[in-house]
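Here's the structure we're looking at; comments come further down.
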Amino acid sequence: MPLFFYSALFLMYPETRGLFPVSMATQRDRLVSALGRVVSNVDRVEDVVPFLQQLGRDHRKFSVVAQHYPAVGQALLATLQHFLGDRWTPALAHDWTQAYGLVSKVMVEAAEESATTSPPWWEGEIILHELRAPGIAVIRARLNYPYPFRSGQSASISFAQRQRTWRFYSFGNAPRRDNTIDLHVRVVDGGAVSTTLVHGTQRGDILRVGAPMGDQLTLDTTQPRDLLLIAGGTGLAPLKALVEQVAYEGSRCNVRLFMGARTSRELYDIEALSKMDAENPWLSVVPVVSHDNRYRGEHGYVVDVALKAWRGQDVFVCGSEEMVQSTVARLLDAGVPPQQIRFDEFTSAVGREQ
């Protein structure tokens, strides 16, 4: 379906091809993911509208303007007609036309409103690039304009060599006065962006940073609660940002951070976190290794170790898609109420390389 859609779009409107990366594989999956989310929530407008508004704001970084939306709508209707065949009736065509009109209206209005207050993307100069472990780097960039984000949020990242290819990463720090951000990046098999960020960038290179997104891993500061944070690999980044936020604001809760890795070499940020642990009595950092018999600390899967410390705290989870799914399932089986489990909605979205 997405292959047909983009073929139709580029044949009918060749000028739109320049808006997309050379490789369309990831982009095709994104289309299916976005359409699926809109259609599956069509009866819950309060969920769909914020998602569409965020899509509209985020599409500014692709240089998408209002004039592009009718082209996309025409290609979408042609795609639906092709695959539905005889089931594509005038009534259904009318309904989809009306629905897409509403979708595009919400996205365009959100983009136009955003354009009055922020750029389509920020530029960040890399001021630190450290290889912390095989295939893992911590990158710090200073942005050219004030960048309002919250601890636990993510943003799409691109760079000069691949300006039309963006991938989502979580920030590894709470907002700072010097306007810098930290990215924790692991090389992903076949991941062009992650590979370049880890092995192909250096100090002085320029990144492009999209608008901050997501609130699933942000804290409700009006009702502080004790926290149990479960990180897998570089999923540590947004959870470390939460720890920094609690420290900056003056702790009103206790925080236990469990950081999981396959081997001790992959505990890439243990030095910084151990220092934070020593300086803050409300914080406890527990590294957990699953596949390293020589490691002298906690062994096993990080969720199993973390559950031993669960005493009703709110639980935040971040890591690979597989790690998040298995961890959340394990938490639910252990009796953790679903309303107390938070995980990054972008973790399972196509386009993240974390």
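The values are calculated or read from the model by the stated rules, or taken from the named source; none is laboratory data. For clarity, every value in this text was computed on a predicted model and none was experimentally measured. Glycine also receives a Cβ, built like all others from the backbone with ideal geometry; neighbour counts cover every protein chain displayed. Heavy atoms of the whole protein, side chains included, go into the accessibility calculation; ligands, DNA and RNA do not. Shrake-Rupley method; radii C 1.70, N 1.55, O 1.52, S 1.80 Å.
Out of Val336, Val288, Val303, Val324, I need the residue that is open to solvent by less than 80 Å² (accessible area, probe 1.4 Å), of a type in the set (Val, Ile, Thr) and in contact with a Gly (Cβ under 7 Å, 6 or more places away or on another chain). Which one? Steps first, answer last, please.
Values: Val336 fails: in contact with a Gly (Cβ under 7 Å, 6 or more places away or on another chain); Val303 fails: in contact with a Gly (Cβ under 7 Å, 6 or more places away or on another chain); Val324 fails: in contact with a Gly (Cβ under 7 Å, 6 or more places away or on another chain).
The conditions single out Val288.
Here are Gly204, Gly210: which of them is open to solvent by 10 Å² or more (accessible area, probe 1.4 Å) and either without any contact (Cβ under 8 Å) to a residue 24 or more places away in the chain or small (Gly, Ala, Ser) (or both)? First the steps, then the outcome.
On the way: Gly210 fails: open to solvent by 10 Å² or more (accessible area, probe 1.4 Å).
Sole residue among the options that is open to solvent by 10 Å² or more (accessible area, probe 1.4 Å) and either without any contact (Cβ under 8 Å) to a residue 24 or more places away in the chain or small (Gly, Ala, Ser) (or both): Gly204.
Please determine, by comparing only the residues of region 234-258 that are basic (Lys, Arg) and surrounded by fewer than 24 Cβ atoms within 10 Å (Cβ to Cβ), which one is nearest to Asp269 (Cα to Cα). Explain how you work it out, then say what you get.
First, pick out the residues of region 234-258 that are basic (Lys, Arg): 240, 252, 256.
Imposing the further condition that a residue be surrounded by fewer than 24 Cβ atoms within 10 Å (Cβ to Cβ) reduces the set to 252, 256.
Numbers: Arg252: 25, Arg256: 16 Å.
The residue in question is Arg256.
Which one of Gln81, Gln53, Gln74 is farther than 17 Å from Leu102 by Cβ and surrounded by 14 or more Cβ atoms within 10 Å (Cβ to Cβ)? Can you show your working first?
Numbers: Gln53 fails: farther than 17 Å from Leu102 by Cβ; Gln74 fails: farther than 17 Å from Leu102 by Cβ.
None of the others qualify; the one that does is Gln81.
Output the residue which, of all residues in region 14-35 that are open to solvent by less than 40 Å² (accessible area, probe 1.4 Å) and closer than 18 Å to Leu80 by Cβ, is farthest from the chain's Cα centre (by Cα).
Per the criteria, the residue is Leu31.
When you look at Gly312, is it touching a residue at least 24 places away in the same chain (Cβ under 8 Å), part of a loop (DSSP other than H, G, I, E, B) and either farther than 16 Å from Met259 by Cα or in contact with a His (Cβ under 7 Å, 6 or more places away or on another chain) (or both), yes or no?
Details: touching a residue at least 24 places away in the same chain (Cβ under 8 Å): yes; part of a loop (DSSP other than H, G, I, E, B): yes; either farther than 16 Å from Met259 by Cα or in contact with a His (Cβ under 7 Å, 6 or more places away or on another chain) (or both): yes.
So Gly312 fits the description; yes.
If you go through region 96-109 one residue at a time, do you hit one that is of a type in the set (Asp, Glu) and either touching a residue at least 24 places away in the same chain (Cβ under 8 Å) or closer than 20 Å to Val64 by Cβ (or both)?
First pass over region 96-109, keeping only residues of a type in the set (Asp, Glu): 109.
Narrowing the set further to residues that are either touching a residue at least 24 places away in the same chain (Cβ under 8 Å) or closer than 20 Å to Val64 by Cβ (or both) leaves 109.
Taking every residue of region 96-109 in turn, at least one turns out to be of a type in the set (Asp, Glu) and either touching a residue at least 24 places away in the same chain (Cβ under 8 Å) or closer than 20 Å to Val64 by Cβ (or both).
Select from region 294-309 the residues that are touching a residue at least 60 places away in the same chain (Cβ under 8 Å) and either more than 15 Å from Leu229 (Cβ to Cβ) or not in a loop (DSSP other than H, G, I, E, B) (or both) and list them in ascending order.
Residues of region 294-309 touching a residue at least 60 places away in the same chain (Cβ under 8 Å): 302-303, 306, 309.
Passing the criteria: Val302, Val303, Ala306.
Looking at this structure, is His59 at pLDDT 90 or above and open to solvent by 50 Å² or more (accessible area, probe 1.4 Å)?
On the way: at pLDDT 90 or above: no; open to solvent by 50 Å² or more (accessible area, probe 1.4 Å): yes.
Taking the combined requirement at face value, the residue does not satisfy it.
Starting from residues that are in a loop (DSSP other than H, G, I, E, B) and in contact with a Pro (Cβ under 7 Å, 6 or more places away or on another chain), keep the ones in region 246-287 and report whichever is farthest from Arg225 (Cα to Cα).
At the first step, the residues of region 246-287 found to be in a loop (DSSP other than H, G, I, E, B) are 250-254, 262-263, 267-269, 280-282.
Now drop any that are not in contact with a Pro (Cβ under 7 Å, 6 or more places away or on another chain), which leaves 252-253, 267.
Working: Arg252: 8, Cys253: 6, Leu267: 27 Å.
Filtering first and then ranking leaves Leu267.
Condition first: out of contact with any helix residue (DSSP H, G or I) (no Cβ under 6 Å at 6 or more places or on another chain), under 28 Å from Gln202 (Cβ atoms) and β-branched (Val, Ile, Thr). Can you find one or more residues in region 116-134 that meet it?
Within region 116-134 (the criterion being out of contact with any helix residue (DSSP H, G or I) (no Cβ under 6 Å at 6 or more places or on another chain), under 28 Å from Gln202 (Cβ atoms) and β-branched (Val, Ile, Thr)), the answer is yes, since at least one residue qualifies.
Give me the residue from region 84-95 that is part of a helix (DSSP H, G or I) and either open to solvent by less than 70 Å² (accessible area, probe 1.4 Å) or touching a residue at least 24 places away in the same chain (Cβ under 8 Å) (or both) and, out of that set, farthest from Phe10 (Cα to Cα). Before you say what the answer is, go through the steps one by one.
Filtering region 84-95 for residues part of a helix (DSSP H, G or I) gives 84-87, 90-95.
Restricting the remaining residues to those that are either open to solvent by less than 70 Å² (accessible area, probe 1.4 Å) or touching a residue at least 24 places away in the same chain (Cβ under 8 Å) (or both) gives 84-85, 91-93.
On the way: Leu84: 21, Gly85: 22, Ala91: 27, Leu92: 25, Ala93: 22 Å.
Per the criteria, the residue is Ala91.
Within the bounds of region 308-316, is there any residue that is in contact with a strand residue (DSSP E or B) (Cβ under 6 Å, 6 or more places away or on another chain), surrounded by fewer than 14 Cβ atoms within 10 Å (Cβ to Cβ) and hydrophobic (A, V, I, L, M, F, W, C)?
Looking for residues that are in contact with a strand residue (DSSP E or B) (Cβ under 6 Å, 6 or more places away or on another chain), surrounded by fewer than 14 Cβ atoms within 10 Å (Cβ to Cβ) and hydrophobic (A, V, I, L, M, F, W, C), one finds at least one in region 308-316, hence yes.
Could you check region 158-240 for strands (runs of 3 or more DSSP E) lying wholly inside it with 1 or more residues that are in contact with a strand residue (DSSP E or B) (Cβ under 6 Å, 6 or more places away or on another chain) and more than 27 Å from Pro287 (Cβ to Cβ)?
Details: elements: 162-170, 180-186, 206-209, 227-232.
Strands (runs of 3 or more DSSP E) meeting the threshold: 162-170, 206-209.
Given the conditions (1) over 30 Å from His68 (Cα atoms); (2) more than 21 Å from the chain's Cα centre (by Cα), and given that Ala115 satisfies all but one, which numbered condition is not satisfied?
Of (1) over 30 Å from His68 (Cα atoms); (2) more than 21 Å from the chain's Cα centre (by Cα), only one is false for Ala115: (1).
Criterion first (open to solvent by 70 Å² or more (accessible area, probe 1.4 Å) and part of a loop (DSSP other than H, G, I, E, B)) does Asp43 satisfy it? Please lay out each step first, then the result.
On the way: open to solvent by 70 Å² or more (accessible area, probe 1.4 Å): yes; part of a loop (DSSP other than H, G, I, E, B): yes.
Answer is yes for this residue.
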